[in-house]
Structures are given as structure tokens and as C-alpha cells.
1. Among the candidates Leu61, Leu85, Leu44, which residue alone is in contact with a helix residue (DSSP H, G or I) (Cβ under 7 Å, 6 or more places away or on another chain) and either β-branched (Val, Ile, Thr) or within 16 Å of the ligand (Cβ to nearest atom) (or both)?
2. Report, by residue number, each residue of the stretch 106-128 that is charged (D, E, K, R) and at pLDDT below 95.
3. Every residue in the stretch 118-166 that is within 16 Å of the ligand (Cβ to nearest atom) and either surrounded by fewer than 15 Cβ atoms within 10 Å (Cβ to Cβ) or of a type in the set (Lys, Arg) (or both), please.
4. Just the residues that are loosely packed, with under 15 Cβ neighbours inside 10 Å, charged (D, E, K, R) and farther than 11 Å from Phe96 by Cβ, please, taken from the stretch 54-72.
Amino acid sequence: MRIGILALQGAFAEHGAVLDRLGEEHFEIRRRADLEDDFDGLILPGGESTAMRKLLCDLNLFDPLRERIRAGLPVFGTCAGLILLAREVEGGLPCFASMDIRARRNAYGRQLGSFYAEETFDGIGRIPMTFIRAPYIAEAGKGVQVLAETGGRIVAARQGSQLVTAFHPELDESLAVHRFWIKLFLKK
Ligand code: GLN
């Protein structure tokens, strides 16, 4: 099993470090030729969704990745990665638009938007959650399963083979969310 990590911008190296700790094979997706290698899952990291969206288009990565996501490739989007998957984006433009959620960008304000919480994640238990200029899910469609909330806002959800978190599990000690994603979608 091999996991591709979109490595155009943002916190991609941290995801790689988590996968190293879990002993999972991974590689970075930086250009179109990288998609020629086989992979079984895709991580869309945190960073700046507008920059990633532009780079995905400029580097001709958008169409092939969208096709694979729509075909059911297991995908895990954190923070900006959540925004890239959302069908609708408040304060920005949709990208892959493959998940039936409305994301509110920079939902907690740009300056005061970074905080830490500990909440229950459905199927895992209580985990640390680090938010950095995070979005939240303002609305989730019928086919979407809500997995975590903080302050009454949805901050983790799944639909089909897609998992998203508004927080950054790759920045915390806990490996639980990556393990959850791999177990649920990649090692059936
Ligand atoms: N504010 C960023 C965006 O809108 C997301 C922040 C993050 O990924 N930490 O793309």
C-alpha cells in the first residue's frame, strides 16, 4: 500500500512524518509525472487553499486528481485540504468539490483563529485538535457522517472514501486520526 501526499505547499512534510511513524509507505506529489506511480490513498494537507488550488491547475494536477477522487480514491483532507474537497466554499472558490459539505474559510477570524481543543472523535475517542486559521463545516449533506464537533461547529466528517478534519492531526503527538483513516479506507 502506498499513499500520495500533495506536496505543493503547506504542511505536507508533517503528514509524511506521521506515516513514517506508522510504517506506511508514502511519496510526494509535486508534478503530473508523479501520478504515473501507483497509489492507493491521497492526503491533501493544510496550508493555503487558494495557493494550492492555483498550483493544482497550473501544474495540470487538477483534472487527473479530481477524476481519481470521484472514482473513489481514499482521500484525507486536513484544514486547507478540507476546503479543497468541499462542494461549496464560503469566502473562496470550490476546487475538487467532491464532498457534500459547505466549508467556511477562516471561520474563526484570521488573527485569533488558532487554538487548541480536546474533543471526542467518533470511532476514536478523545483526541487533541490543533486549529490554525481553520475552516469549519457550516453545512453537511445527508450522505455525510459528522465525526467531531467543537463549540457546536462540525470539525471532522466523512463521506464515502473521503475523510476531512478542520484541525491538524499531523501536528499533534496522537497518530489516531491517520490510523483511523488507513484502517477504515485502506486496509479493509
Ligand atoms: N486558512 C487556510 C485556507 O483558507 C487554511 C489554514 C490551514 O490549512 N491551516 O486555505
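The values are calculated or read from the model by the stated rules, or taken from the named source; none is laboratory data. All values derive from a computational prediction rather than experimental measurement. All Cβ positions, even for glycine, are placed from backbone atoms using ideal geometry, and neighbour counts span all protein chains on display.
1. One residue alone meets the criteria, Leu44.
2. Within the stretch 106-128, just Arg110 meets the criteria.
3. Arg133, Arg153
4. The one that is loosely packed, with under 15 Cβ neighbours inside 10 Å, charged (D, E, K, R) and farther than 11 Å from Phe96 by Cβ: Asp58.
Conditions tested, residue by residue: (1) at positive phi; (2) assigned to a strand (DSSP E or B).
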position	(1), (2)
Gly77	no, yes
Gly81	no, no
Phe96	no, no
Asp100	no, yes
Ala103	no, yes
Asn106	yes, no
Gly109	yes, no
Ala117	no, yes
